[in-house]
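First comes the structure, then the notes that go with it.
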């Protein structure tokens, strides 16, 4: 009777293991497709150490393929060390061994992580391992450091240079200067001779346009000065500006 119960239990454990392994198989190519060719993804059946690799992507990193032995993997693999420990007395407790360094047979350092899967009895039966080849990134890092070194040095020198004293803001024009500028704008707008009596209505409209473009009417008293120079009223100046606006 005990033998029958034991057989039933073993069959249940075997079915559980097979179901988990089958669920993990498609994860291998999915992770590799997302991460690219620098990440090796390996699924191991630790119950078969002589041919533990049952699924692998980017095997060129470690030189392995499906059917490879557990002994052909990178050295110093903490994932396998965790997988071969005494089974958990609390039953199924999956383990994660993250961010450790392994070394390939060719001497390349890999950044690795492993998930260990246990059955209902607490016995480890599968590991999903990630091995990232950092050699390309290390070369890129060295190149970037070399390229950026002169920039960093220049920035350091700039940081040590005392900041220039900001120049004082230019003084606002005096009233005398403003008066001179307003007279100049009006004189240039009226034109040679400067006689309003000889100007036609259209010429005066164009003169107002020139004054307006120079900003005369923004200044207090600008409209009055323009009216006096053209011998018209303030209302006429505003009327000329409205006509100019309608022509735009």
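The values are calculated or read from the model by the stated rules, or taken from the named source; none is laboratory data. Here the structure is a predicted model, which means the values were calculated and not measured. Ideal geometry is used to build each Cβ from the backbone, glycine not excepted, and the neighbour counts take in all protein chains shown.
Points worth noting:
So that you can scan it fast, the table gives a plain yes or no per residue for (1) closer than 23 Å to residue 124 by Cβ; (2) touching a helix residue (DSSP H, G or I) at 6+ places or on another chain (Cβ under 6 Å); (3) not assigned by TED's automatic domain parsing to the domain that holds residue 123:
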| residue | (1), (2), (3) |
| --- | --- |
| 8 | yes, no, no |
| 12 | yes, no, no |
| 17 | yes, no, no |
| 22 | yes, no, no |
| 34 | no, no, no |
| 37 | no, no, no |
| 41 | yes, yes, no |
| 45 | yes, no, no |
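- Filtered by the rule that a residue be buried (at least 19 other Cβ atoms within 10 Å of the Cβ) and modelled with pLDDT of 80 or more, segment 63-103 gives 64, 68, 97, 102.
- Selected residue (criterion: modelled with the highest pLDDT) from residues of segment 205-217 that are under 25 Å from residue 174 (Cα atoms) and either in a helix (DSSP H, G or I) or not assigned by TED's automatic domain parsing to the domain that holds residue 184 (or both): 208
- When we screen 139, 180 for residues that are at pLDDT 80 or above and over 30 Å from residue 6 (Cβ atoms), the only hit is 180.
- Where residue 220 falls short, out of the listed (1) at pLDDT 90 or above; (2) not in a helix (DSSP H, G or I): (1)
- Within segment 227-245, no residue that is in contact (Cβ under 8 Å) with a residue 12 or more places away in the chain and outside the structural domain of residue 186 (by TED's automatic domain parsing) sits with its Cβ atom under 7 Å from a residue that is surrounded by fewer than 14 Cβ atoms within 10 Å (Cβ to Cβ) and part of a helix (DSSP H, G or I) at 6+ positions apart or across chains.
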